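Enquirer: Sending over a structure as structure tokens; questions will come in a sec.
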Amino acid sequence: MDDASMFDKHHEVLSGDVQETFAAGNIHSLEGEVGGCAFSLEESADGDFHVNASGTNKVQCYVEENTLRVKAIVKTMVDNDPAASVVVQIPAGSSLEELDMEIGAGTMKLGNVTAREAELEVGAGQIIADGVQADSLKVKVSAGDAQVYNMAVKELDAEVGMGNLYAKGNVSGHGELECGMGNITLELSG
């Protein structure tokens, strides 16, 4: 979790409590890479993107190539409950080009989100996504747990190692599922 290579050396790495605001005009994609914390994606009260972090060891957020990049790690968890949190707020009704979210340990909760391409990756933690709309959704689960509710996607590509994936919703085009020692439960509309 303390992999220095995940942070960009050209941007400041902060710690503790962080509050940053980014104008929505030049942001078309969102990338999150976190470990050991509680991460949530929520709707913004205004037309901007906001990143609020508390109790983090290292956090970095910046816009590069029209992508808001949020990276955070925490070294300690208390009784398997993350002691730190990162909240990213996006403007209501946003439609992203790409959504790329990755979590090691900890939890990630994603509310309604629309993207042309969405990718969710979980190591030993948990992702709960409710309301993903995308042309293409890729889900990769190593030893953790991913739950995707109310999905509306054209293509679904899922790969599970030793973990679990539960997905419910509509796949209007192609689906490809690969499962190792874990479990996949898929409930399709109709």
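Enquirer: Name the pairs whose Cβ atoms lie under 8 Å apart, with the first residue in the stretch 6-21 and open to solvent by less than 80 Å² (accessible area, probe 1.4 Å), the second modelled with pLDDT under 90 and not in a strand (DSSP E or B), and 6 or more positions between them or separate chains?
Expert: Val13/Phe7
Enquirer: Got a number for residues in the stretch 22-43 being over 14 Å from Val70 (Cβ atoms) and touching a residue at least 40 places away in the same chain (Cβ under 8 Å)?
Expert: The qualifying residues number 5.
Enquirer: Working carefully through the options Ala158, Ala167, Ala129, Ala143, find the one that is at pLDDT 95 or above, open to solvent by 10 Å² or more (accessible area, probe 1.4 Å) and of a type in the set (Gly, Ala, Ser).
Expert: Exactly one residue qualifies, and that residue is Ala143.
Enquirer: Between a first residue in the stretch 161-190 that is closer than 16 Å to Gly131 by Cα and a second residue that is at pLDDT below 95 and surrounded by 14 or more Cβ atoms within 10 Å (Cβ to Cβ), which pairs have beta carbons less than 7 Å apart while being 6 or more apart in sequence or on different chains?
Expert: As it stands, the answer is none, since no pair meets every condition given.
Enquirer: Taking strands (runs of 3 or more DSSP E) that fall entirely within the stretch 89-190, which contain at least 1 residues that are hydroxyl-bearing (Ser, Thr, Tyr) and touching a strand residue (DSSP E or B) at 6+ places or on another chain (Cβ under 9 Å)?
Expert: Of the strands (runs of 3 or more DSSP E) lying wholly inside the stretch 89-190, those with at least 1 residues that are hydroxyl-bearing (Ser, Thr, Tyr) and touching a strand residue (DSSP E or B) at 6+ places or on another chain (Cβ under 9 Å) span 95-103, 106-110, 113-122, 132-141, 145-160, 164-171, 183-188.
Enquirer: Say we look at the stretch 71-87 and pick out the residues that are surrounded by fewer than 23 Cβ atoms within 10 Å (Cβ to Cβ) and of a type in the set (Val, Ile, Thr); which of these is modelled with the lowest pLDDT?
Expert: Across the stretch 71-87, the extreme among qualifying residues is Val78.
Enquirer: Among the residues of the stretch 31-69, what is the count of those that are assigned to a loop (DSSP other than H, G, I, E, B) and under 19 Å from Leu120 (Cβ atoms)?
Expert: The total comes to 1.
The values are calculated or read from the model by the stated rules, or taken from the named source; none is laboratory data. What you are looking at is a predicted structure, and each value in this text was computed from that prediction instead of being measured. Every residue, glycine as well, gets a Cβ built from its backbone with ideal geometry; the counts of neighbours run over all protein chains shown. Side chains included, ligands, DNA and RNA excluded: accessible areas come from the protein's heavy atoms. Shrake-Rupley method; radii C 1.70, N 1.55, O 1.52, S 1.80 Å.
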